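Below is one structure, written out as structure tokens, with a few remarks after it.
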Amino acid sequence: MSTSSLGEASPLRSGNSVQEVLVTGGAGYIGSLLTGVLLQRGYRVTVVDDLLFGGESLLAYFSHPAFRFIKGDVCDPSVLDRIKLGYAGAGDRTYAVAHLAAIVGFPACQAAGKQVAWRYNVESVQRVFELAEAIGAERFIFSSTYSNYGLTTDGRAVTEDSPLNPQSLYAETKIAAEQYLLNEAETSRCAPLVFRFATLFGVSPRTRFDLIVNQFVLQAMTQRELIIYQAGYSRSFVHIRDVVEGIVRALSVPREKIRGQIFNLGSDSGNYTKDEIVALVKKHVDGLKITYKDLSFGGDMRDITVSFAKIRRELGFEPAISVEDGIVEVRDALHLGLIKDATDSRYRNAQFIVQ
């Protein structure tokens with residue numbers, strides 16, 4: 001089954017059980033695009049975000065009658081109380097929570113430190129899930145990462161049942177949050193679902209340039225040179241729009257199909273080595289110089305191939321946008337000037353980038 005089209009019927013007309021979605025981190029890379037798609041398909045959307053990177057990504061939705069915005073930090077109990085109050089007495093609607101708010105990525109977590117990273121990536125998940133239970137949400141969609149698998153030694157594609165081997169503080173926090181949700185799934189009314197996203201790429205209302213594909217295209221366009229470390233390491237990639245489609249799919253499948261489940265979200269065709277990504281970038285950016293260097297560091301040294309058989313089998317989901325298409329998309333957006341000052345730090349989740 002292919003991903004849904006943007007013209008899909010409104011859930012309020014089609015009998016979909018979920019009518020409203022609370023999106024934490026809704027001004028971010030995933031959340032800002034997810035918000036627009038949900039509104040287009042007829043969902044009511046409440047976004048909660050502290051606007052650390054600004055709120056321009058939400059301006060297009062600001063006057064939409066089904067959009068509501070709450071400015072605040074989901075680690076703040078008073079913010080959660082405000083959210084809960086907003087849902088009081090609205091028992092005629094059914095809800096889902098898409099929890100995207102987090103300190104995202106190895107560099108950002110290292111910069112924040114363990115205590116802060118744990119607060120935002122583990123404790124906030126517990127608090128927001130408790131909120132989801134309190135407001136009667138039916139589904140809780142959690143954004144995790146295939147970083148949790150770390151390095152593999154046998155060369156086989158990792159599945160959702162493969163051992164976890166975290167190589168970073170970021171992965172450690174995501175694993176702890178996952179375990180909490182899986183434990184809660186046994187007794188909770190709200191059905192939690194964990195998506196382990198592949199590495200994202202592509203354009204959204206708040207595009208990031210600290211992710212490999214987007215970063216390489218930006219550097220190729222602005223510097224005409226790429227310096228590549230760990231060239232032979234394998235990673236998995238998925239377009240931001242496909243991630244959003246996967247989240248939307250999880251709102252409509254039977255609830256018991258997702259309760260306590262983990263799904264790798266990506267495509268088998270998205271498994272690439274770094275030098276294969278570089279070759280695709282070079283194909284679409286003229287005059288590019290490539291330099292390879294060796295580097296070892298105590299960080300997120302993923303070298304894995306990922307299996308996506310489960311999400312294809314259980315949810316009928318297959319991403320539709322190739323890495324090459326995404327490279328062309330980012331290149332054209334930069335070339336046309338649609339993204340200004342792309343090297344500015346607001347397009348990254350940390351002040352430094354690890355290749």
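Laboratory data are not the source of any read-out in this text; all were calculated from the coordinates shown. All values reported here derive from a predicted model rather than from experimental measurement. No Cβ is skipped: glycine too gets one built from the backbone with ideal geometry, and neighbour counts run over all protein chains shown.
Please give the peptides 333-345, 245-257 ranked by average Cβ packing (other Cβ atoms within 10 Å per residue), highest first, as a rough proxy for protection.
Listed from highest to lowest mean packing, they are 245-257, 333-345.
What is the Cα coordinate range of segment 76-187 on the first, second and third principal axes, sorted by size from largest, in whole angstrom?
54, 30, 18
If you count, for each residue, the other Cβ atoms within 10 Å and average over each peptide, how do 35-42, 271-278, 195-202, 61-68 line up from highest to lowest?
So the peptides 35-42, 271-278, 195-202, 61-68, ranked by packing, come out 195-202, 35-42, 271-278, 61-68.
What is the set of long-range amide H partners of L22 at a cut-off below 5 Å, with H atoms built 1.01 Å from backbone N?
HN-HN under 5 Å from L22: T46, A96, V97, A98.
Report the calculated FRET efficiency for D294 and E123 (r = Cβ-Cβ distance, R0 = 56 Å), to the nearest 0.05.
About 0.90, to the nearest 0.05.
Would you mind counting up the charge near Y180? Only other residues with Cβ under 12 Å from its Cβ, with Lys and Arg at +1 and Asp and Glu at -1.
So the surrounding residues net to -3.
Check which residues have an amide H placed less than 5 Å from Q261's amide H, if you skip close sequence neighbours.
Those qualifying (amide H under 5 Å, at least 5 residues apart or on another chain) are V194.
Any chance you could run the full-extension gain for D154 through Y233? It's 0.36 nm times the residue separation minus the Cα-Cα distance, nm to one decimal.
Contour length minus the Cα-Cα distance gives 27.1 nm.
What dipole magnitude, in Debye to the nearest 20, does segment 188-316 give about its Cα centre under +1 on Lys/Arg Cβ and -1 on Asp/Glu Cβ?
Result for segment 188-316 is approximately 480 debye, rounded to the nearest 20.
What percent do you get for the relative contact order of the chain when only Cα pairs under 8 Å and 6+ apart count?
20
State which entries of K84/K310; K114/K174; K114/K274 exceed 23 angstrom in Cα-Cα distance in the structure shown.
Check vs 23 Å cut-off fails for K84/K310; K114/K274.
If each of R224 and Q179 carries a label point 7 Å out from its Cα toward its Cβ, how far apart are those two points in nm?
With each label placed 7 Å out from Cα toward Cβ, I get 5.2 nm.
Net charge near R255, counting Lys/Arg +1 and Asp/Glu -1 over other residues with Cβ under 9 Å of its Cβ?
Computed value for this residue: +1.
For the chain, report the translational diffusion coefficient in µm²/s to the nearest whole number, using Stokes-Einstein at 25 °C, 0.890 mPa s, and a Kirkwood Rh over Cα pairs.
Translational D for this selection: 119 µm²/s.
Mind checking which of N214, A198, N183 is farthest towards the positive end of segment 174-225's charge dipole, using Cβ charges of +1 (Lys, Arg) and -1 (Asp, Glu) about the Cα centre?
N214
Give me the percent relative contact order of segment 80-208, please, defined on Cα pairs under 8 angstrom at least 6 residues apart.
31
Which of the three applies to segment 20-139, rounded, prolate or oblate, going by the alpha-carbon gyration tensor with a ≥ b ≥ c and a/c under 1.5 meaning rounded?
oblate
Note the angle between two axes, namely the Cα long axis of helix 77-87 and the longest principal axis of the Cα atoms of the chain, as a number of degrees from 0 to 90, rounded to the nearest 10.
60
Compute the distance in nm between two label points, each set 7 Å from the Cα along the Cα-to-Cβ direction, one at K283 and one at H64.
In this crude label model, K283 to H64 measures out at 3.4 nm.
Taking only DSSP H segments of four or more residues, each worth -39500 (n - 2.57), what value at 222 nm results for the chain once the sum is divided by all its residues, to the nearest 500 deg cm²/dmol?
Result for the chain: -10500 deg cm²/dmol, rounded to the nearest 500.
Using only Cα atoms, locate the centre of segment 125-160 and the centre of segment 191-223, then give the distance between them in Å, rounded to an integer.
Measuring centre to centre over Cα atoms gives 19 Å.
Helix 274-284 against the longest principal axis of the chain: what's the angle in degrees, Cα atoms only, rounded to the nearest 10?
Taking the Cα atoms of the chain, the angle to 274-284 is about 80 degrees.
Specify the angular offset, from 0 to 90 degrees and rounded to the nearest 10, of the alpha carbon long axis of helix 124-134 from the longest principal axis of the alpha carbons in the chain.
Compared with the principal axis, the helix lies near 30 degrees.
Using θ = phi - 60° and the Karplus curve 6.51 cos²θ - 1.76 cosθ + 1.60, what whole-Hz ³J(HN,Hα) does each residue of segment 169-184 get, with Gly and Pro shown as x?
So the J values, rounded to whole Hz, are 4, 4, 5, 4, 5, 5, 5, 5, 5, 4, 4, 4, 5, 5, 5, 5.
Cα centroid distance between segment 309-335 and segment 226-247, in Å?
10
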